[in-house]
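Data first, discussion second: the structure below is written as structure tokens.
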Amino acid sequence: ATDYALPILFPADLGGYAAALNMGPVDLAPLEAARTALAGDGLAVADHFLMGLSHQTEPDPPATLRRLIESIQPGTTYLSLHCAQPGEVEIVHPKDAHWRAAEFELFRDPAFSEWLRSQPVVLSGMREIRDELRSGK
């Protein structure tokens with residue numbers, strides 16, 4: 001990331017990140033040192049991390065994703081989604097294919113897109129963040 005001015009997923013809230021990924025007990029000190037170094041190099045470090053898949057046991061994926069988006073706090077939030085068209089995903093990821101397909105369908109829904117545009121969030125992707133890093137903004 002440093003050599004090529006690439007954004008990297010390294011949230012400031014490492015405890016929340018570890019919990020969302022169900023990492024179990026992890027020594028966060030080495031990760032904190034790496035996060036500090038990345039921030040010192042001017043690389044993008046998200047303030048918060050949310051992941052749809054960490055909520056896959058909840059019964060209503062669309063409602064859960066809306067709630068996650070509504071919970072976004074000021075700062076940069078990395079929302080990790082795993083949208084996948086139904087088909088082969090059931091073979092590759094049988095345990096969570098239902099959630100991935102639900103995310104895929106939700107983002108194809110025009111009503112959801114309209115709702116999302118009405119939320120007080122600014123959508124961005126890694127390309128935009130990369131371009132800002134490289135331009136020195």
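Summary table
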read-out: For the range 82-137 and the range 15-71, distance of Cα centres in Å; value: 16 Å
read-out: Tail fraction, Cα-Cα pairs, the range 28-90, threshold 16 Å, whole percent; value: 60 percent
read-out: Viscosity 0.692 mPa s, 37 °C: Kirkwood-radius Stokes-Einstein D of the chain over Cα pairs, µm²/s; value: 198 µm²/s
read-out: Additional length obtainable on full extension of the chain from Ser80 to Leu6, 0.36 nm per residue less Cα span; value: 24.9 nm
read-out: ³J(HN,Hα), Karplus 6.51/-1.76/1.60, whole Hz, each residue of the range 20-32, x for Gly, Pro; value: 4, 8, 6, 7, x, x, 9, 6, 7, 4, x, 5, 5
read-out: For Thr76, residues with placed amide H under 5 Å, excluding near neighbours; value: Asp47, His48
read-out: Value at 222 nm in deg cm²/dmol, rounded to 500, when DSSP H runs of n ≥ 4 in the chain each add -39,500 (n - 2.57); value: -13000 deg cm²/dmol
read-out: Difference of contour (0.36 nm per residue) and Cα-Cα distance, Leu28 to Ala111; value: 25.9 nm
read-out: Solvent-accessible area, 1.4 Å probe, carbon plus sulfur percent, for the range 31-137; value: 53 percent
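The values are calculated or read from the model by the stated rules, or taken from the named source; none is laboratory data. The shown structure was predicted, so the numbers you read here are calculated from the model rather than taken from an experiment. Quick note on the areas: whole protein, heavy atoms, side chains included, nothing else; ligands and nucleic acids left out. Shrake-Rupley method; radii C 1.70, N 1.55, O 1.52, S 1.80 Å.
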